[in-house]
1. Give, as a single signed number, the net charge of other residues whose beta carbon lies under 13 Å from the beta carbon of residue 65, with Lys and Arg counted +1 and Asp and Glu -1.
2. Set the Förster distance to 35 Å, then compute FRET efficiency between residue 107 and residue 81 from the Cβ-Cβ distance, nearest 0.05.
3. Mind jotting down the distance between the C-alpha centroids of region 1-44 and region 119-140, whole Å?
4. Which whole-number percentage describes the relative contact order of the chain, with Cα contacts under 8 Å and a sequence gap of 6 or more?
5. Which one, 15, 87, 70, is farthest towards the positive end of the dipole of region 1-99 when Lys and Arg carry +1 and Asp and Glu -1 on their Cβ?
6. Which FRET efficiency value, to the nearest 0.05, do you get for residue 7 and residue 120 by plugging their Cβ-Cβ distance into 1/(1 + (r/R0)^6) with R0 = 22 Å?
7. Report the residues of region 7-42 in range of a label on residue 147: point 7 Å along Cα→C-beta, backbone N strictly under 20 Å from it.
8. Which Cys residues of the chain have no other Cys beta carbon under 4.7 Å away?
Amino acid sequence: MKFFSPAFADTEEIPKKYTCAGEDISPPLEWSDIPEGTKSLVLICDDPDAPSGVWDHWLMFNISPESNGLAEDTPKQFDPFKGTGHGLNSWRRAFYNGPCPPSGTHRYYFKLYALDTRLRIKPGADKAAILRGMEGHILDKAHFHGTATSGRE
């Protein structure tokens, strides 16, 4: 499975417009080579460098395997596309909130999972419910990461 953003390369700095210092909109994402038998995709974006532990920025589930990505600025609603749901991030919001490191440089991992099922949870579910639903159903996964530094003007 291939997964990337046309807005920034793996390990590169995430453009300001996708962070809290900018427009705080979601970056465009693209994927390909989804495994045969995939019934849905799950997207998780998190920051493992947060002072309080892993901080979740974006969770989406039941993304159609026929799609080849997400356009920039995904709608900020529980169910942005028919059958697709946003999960609650660490701010307890069901949409994308971009990088906003309190200090230093943080890594932001974008992870895509191909599942052999659709999750039977409602939009606004927390990460634990999403991960429980994924157990035993992951066909493949891919990830990349970008960075952001605090104090950017």
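1. Once all neighbours under 13 Å are counted, the net charge is -3.
2. 0.80
3. First find each Cα centre; the distance between them is then 19 Å.
4. Once normalised by length, the contact order is 29 percent.
5. So the residue furthest toward the plus end is 87.
6. 0.10
7. What the label zone holds, given the 20 Å backbone N cut-off, is 7-22, 27.
8. Those would be 45, since no other cysteine Cβ in the chain comes under 4.7 Å of theirs.
Read the figures in this text as sums done on the coordinates, not as results from a lab. Every value quoted in this text rests on a predicted model; they were computed, and no experiment measured them. Quick reminder, even Gly has a Cβ in these numbers, built from the backbone with ideal geometry, and neighbours come from all protein chains shown.
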